[in-house]
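K.L.:
Got a structure here, written out as structure tokens. Questions coming.
The values are calculated or read from the model by the stated rules, or taken from the named source; none is laboratory data. Quick caveat, the model's predicted, so the values are computed rather than measured. Cβ sites come from the backbone with ideal geometry, for glycine too, and all protein chains shown count toward neighbours.
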Amino acid sequence: MHWIRGLYFLLFVVACALTAYVTYLGVLIRETDGQPLRELLQPLAVALVGLLGVGGVVLQLQSAAMRERAQHEKAQENVTAAVRAEMKSIMTIISKASIPEQFAVRFVYPEGKFLWADAARKEDYLTVYKALSGQFGLIKASDKCDAAATIGNVVDFYNYFKAARDATAPLQETPDNDTVQQASKAVVLLLQRMYAAAEAIDVSDVDFARSRRVMDAFVKLVDANPNSRNSELAQLWASDAAFSAIPKPLFPDGKGTPSR
């Protein structure tokens, strides 16, 4: 854009110079009535008109480019705001319902009944994603990373969210305890990565703190014991400080809260 402004300014200066020169020649013609000067004046006048015409075209192109850029920036702002709002909304619902905490508890008590630590409902939480996924290339860079990394984290967020919901599929039937533990572990691990992807682009809230502490501690325990069976991990997790900090009302019937 700067070169267009510079070019138009140069044309303007040249046009002003030619105008002054043509005016000067006109005075000479009136004073001398000389034919040579009149013949010189005509092509200069044509050149002046041409320069002014070119300047007008350049100005129109510049205005069109500026309008296009403004529209592009507006589209970027709208897509970015909508996506970030949906991401935060999803995380708010999950944290307010204490879903990570309940799955973390269910990993220890697979026989218990929980309000939310179960198979995913049929609600559609991805309205913005479905409407705007084709425009993710417009997402603006965040304060923490560039545009490419920001888009990557957004895609990761939605993929982990969908994977976490899919991981609850085995809970639709009447699963055995080991299946419940495996599904519960998968959900917590995937949700932890989903939250991490959002926080990488500064989508967070203080209301997510407890869920984050529980998930981070659970993932740390699992990573530190890669060869342990689920039953062994459950015993280790039950003695973890983060597990002990989970509010008792989130525990199953007989251990804190009534079953559904």
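K.L.:
Give the range 150-175 a look and list any residue that's under 20 Å from the mean Cα position of the chain (by Cα) and either in a loop (DSSP other than H, G, I, E, B) or polar (S, T, N, Q) (or both), or say none.
P.N.:
Here is the first cut: in the range 150-175, the residues under 20 Å from the mean Cα position of the chain (by Cα) are 150-164.
Scanning the range 150-175 gives THR150, ASN153, ASN159.
K.L.:
Hey, among ILE151, ILE139, ILE93, which residue is of a type in the set (A, V, I, L, M, F, W, C), in the same structural domain as LEU233 (by TED's automatic domain parsing) and either closer than 30 Å to LEU236 by Cβ or surrounded by fewer than 18 Cβ atoms within 10 Å (Cβ to Cβ) (or both)?
P.N.:
Numbers: ILE151 fails: either closer than 30 Å to LEU236 by Cβ or surrounded by fewer than 18 Cβ atoms within 10 Å (Cβ to Cβ) (or both); ILE139 fails: either closer than 30 Å to LEU236 by Cβ or surrounded by fewer than 18 Cβ atoms within 10 Å (Cβ to Cβ) (or both).
That would be ILE93, the only listed residue that is of a type in the set (A, V, I, L, M, F, W, C), in the same structural domain as LEU233 (by TED's automatic domain parsing) and either closer than 30 Å to LEU236 by Cβ or surrounded by fewer than 18 Cβ atoms within 10 Å (Cβ to Cβ) (or both).
K.L.:
With respect to ASP178, determine if the residue is exposed (fewer than 15 other Cβ atoms within 10 Å of the Cβ), within 16 Å of GLU111 (Cα to Cα) and touching a residue at least 12 places away in the same chain (Cβ under 8 Å).
P.N.:
yes
K.L.:
Which of the residues spanning the range 201-221 are part of a helix (DSSP H, G or I), of a type in the set (Val, Ile, Thr) and either surrounded by 17 or more Cβ atoms within 10 Å (Cβ to Cβ) or in contact with a strand residue (DSSP E or B) (Cβ under 8 Å, 6 or more places away or on another chain) (or both)?
P.N.:
First, the residues of the range 201-221 that are part of a helix (DSSP H, G or I): 206-221.
Subset that is of a type in the set (Val, Ile, Thr): 206, 214, 219.
Within the range 201-221, VAL214, VAL219 meet the criteria.
K.L.:
Find the residue count for the range 88-147, including only residues that are within 28 Å of SER231 (Cβ to Cβ) and not in a loop (DSSP other than H, G, I, E, B).
P.N.:
At the first step, the residues of the range 88-147 found to be within 28 Å of SER231 (Cβ to Cβ) are 94, 97-120.
Restricting the remaining residues to those that are not in a loop (DSSP other than H, G, I, E, B) gives 94, 99-108.
Qualifying residue count for the region: 11.
K.L.:
Of the conditions (1) free of Cβ contacts under 8 Å to residues at least 40 places away in the same chain; (2) part of a loop (DSSP other than H, G, I, E, B); (3) under 15 Å from GLN102 (Cα atoms), ASN227 satisfies every one except a single condition; which number is it?
P.N.:
(3)
K.L.:
Here is a further query. Against the condition at pLDDT below 95, in the same structural domain as ARG106 (by TED's automatic domain parsing) and among the hydrophobic types (A, V, I, L, M, F, W, C), how does ALA186 come out, does it pass? First the steps, then the outcome.
P.N.:
Working: at pLDDT below 95: no; in the same structural domain as ARG106 (by TED's automatic domain parsing): yes; among the hydrophobic types (A, V, I, L, M, F, W, C): yes.
No, not satisfied.
K.L.:
Also: How about the range 59-96: which of its residues are within 15 Å of THR127 (Cβ to Cβ), among the aliphatic types (A, V, I, L, M) and without any contact (Cβ under 8 Å) to a residue 40 or more places away in the chain?
P.N.:
Selection gives ALA81, ILE93.
K.L.:
Also, quick follow-up: Could you say whether any residue in the range 110-117 is surrounded by fewer than 17 Cβ atoms within 10 Å (Cβ to Cβ) and over 19 Å from ALA234 (Cβ atoms)?
P.N.:
Filtering the range 110-117 down to residues surrounded by fewer than 17 Cβ atoms within 10 Å (Cβ to Cβ) leaves 111, 113, 115.
Now drop any that are not over 19 Å from ALA234 (Cβ atoms), which leaves 115.
Scanning the range 110-117 turns up at least one residue that is surrounded by fewer than 17 Cβ atoms within 10 Å (Cβ to Cβ) and over 19 Å from ALA234 (Cβ atoms).
K.L.:
State whether one or more residues within the range 100-118 are farther than 18 Å from GLU199 by Cα and within 25 Å of the chain's Cα centre (by Cα).
P.N.:
Keep residues of the range 100-118 that are farther than 18 Å from GLU199 by Cα, which gives 101-118.
Still in the list and also within 25 Å of the chain's Cα centre (by Cα): none.
Among the residues of the range 100-118, not one is farther than 18 Å from GLU199 by Cα and within 25 Å of the chain's Cα centre (by Cα), which makes the answer no.
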